[in-house]
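The values are calculated or read from the model by the stated rules, or taken from the named source; none is laboratory data. As the structure is a computational prediction, the values presented were derived from the model and not from experiment. Reconstructed Cβ throughout: ideal geometry from the backbone, glycine too, with neighbour counts over all protein chains shown.
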Amino acid sequence: VLSILGRKILGETRTIPVGIGVTLSAGAIANSLLPGAYWRAWGGFVLAAMLIATLVFSLTVHLNRRRTAPDRPYLTR
Amino acid sequence: MNFLLTLTAATGAAGIELLEALAVVLGVGLTRGFRPALWGGLAALVSVAVLGAVLGPALRAGADLGVVRVLIGGALLLFGMEWLRKGVLRVSGRRRRGSSYHEFVEARDTSASLPRATGGRDWGAFGVTFNGVLLEGIEVGLIVLALGSAPGRAVPALLGVGVALVLVTGTGFALRAPLQRLPEIQIKLAMGVALTAFGTYFAAQGVGVRWPAPELAPIYLLALFAAAAWLAARRLEQSIPAAR
């Protein structure tokens, strides 16, 4: 039950939780290092762009795994 | 505006998870009888409600608002982006169209393979339903806890779960087995977009961001992530021939 629950919360791929972790950590670091006004105004869009990059990366990883594993079904559940 | 958005996001996200829980109850109920299935489902729902009532206030009490926002945003992003990823893959034909109907078939087959109860309660059927509904219920609990933790959003989040519960129960009675009719993949993709937008909104506030036109921020974030998902799905459709 715990392993299924872990998979349900973290998802099937590690790229998304890691990407979210990196994005939020980068946000916290930028918040403490960059000038306040600059980060307050534009930081949200930087974070959104990083999350979109995470999504694109996770899709690319999924497709590459399918391509490099010809013995496995092309489609997954 | 944000009341309505939170209500819609909570209704949609909780509805999707409750639909999967309903599929488990129907799958077990149709093969082993509805009595143990309903008791198992009810016991799981009560367990989730108790967990939420205990953990919710404990998580919120005394915590720094910035940290709470990052935690809320992070939790919403975990669910939202995973749904977004799966939704884009499914819509573009890169992934099998899994749905509540598959949960239904899985639960039906699992419960059919269990030994029959010779007398008294059917603990096998109870256990399968309890497990399935508990797992889906915990997901609902986490999403609602995250959506409802922001100031002034607890009411629309809880109201959303209530609406979802009524809608899904009604759907269960109306449809019984043919869950295939629902456009679940599209609904789940839309909810992935909504949860990701809310997650980004909260998490960014937690790390010091002040969104321009804050009342409109969830809406333009929704549009941004919807556009990204649409572009990704289009690109995947065009890149290699789909094997549906």
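Inside the stretch B:193-217, can you point out the residues that are outside any helix (DSSP H, G or I) and not aliphatic (A, V, I, L, M)? Across the stretch B:193-217, the qualifying residues are B:GLY208, B:ARG210, B:TRP211, B:PRO212, B:PRO214, B:GLU215. When the stretch B:146-156 is filtered for residues that are crowded, with 20+ Cβ neighbours inside 10 Å, at pLDDT below 85 and part of a helix (DSSP H, G or I), the ones remaining, listed by number, are B:ALA146, B:LEU147, B:GLY148, B:SER149. Are any residues in the stretch A:41-65 at pLDDT below 90 and buried (at least 17 other Cβ atoms within 10 Å of the Cβ), and if so, which ones? Within the stretch A:41-65, just A:HIS62 meets the criteria. Among (1) surrounded by fewer than 24 Cβ atoms within 10 Å (Cβ to Cβ); (2) in contact with a Gly (Cβ under 7 Å, 6 or more places away or on another chain); (3) more than 9 Å from chain A (Cβ to nearest Cβ), which single condition is B:TRP230 missing? Going through (1) surrounded by fewer than 24 Cβ atoms within 10 Å (Cβ to Cβ); (2) in contact with a Gly (Cβ under 7 Å, 6 or more places away or on another chain); (3) more than 9 Å from chain A (Cβ to nearest Cβ) one by one, B:TRP230 breaks only (2). Of all residues in the stretch A:4-37, those satisfying the criterion of being more than 10 Å from the chain's Cα centre (by Cα), facing chain B (nearest Cβ under 8 Å) and at pLDDT 85 or above are A:LEU24, A:GLY27, A:ALA28, A:ALA30, A:ASN31. For B:GLY170, the test of being in a helix (DSSP H, G or I) and either modelled with pLDDT under 85 or away from chain A (no Cβ under 13 Å) (or both) is passed. Cβ-Cβ contacts under 6 Å between residues 6 or more apart (or on different chains), taken from a first residue in the stretch B:87-107 that is within 18 Å of B:ALA13 (Cβ to Cβ) to a second residue that is modelled with pLDDT under 75 and outside any helix (DSSP H, G or I), are listed as B:ARG90/B:ARG97; B:GLY98/A:ARG77.
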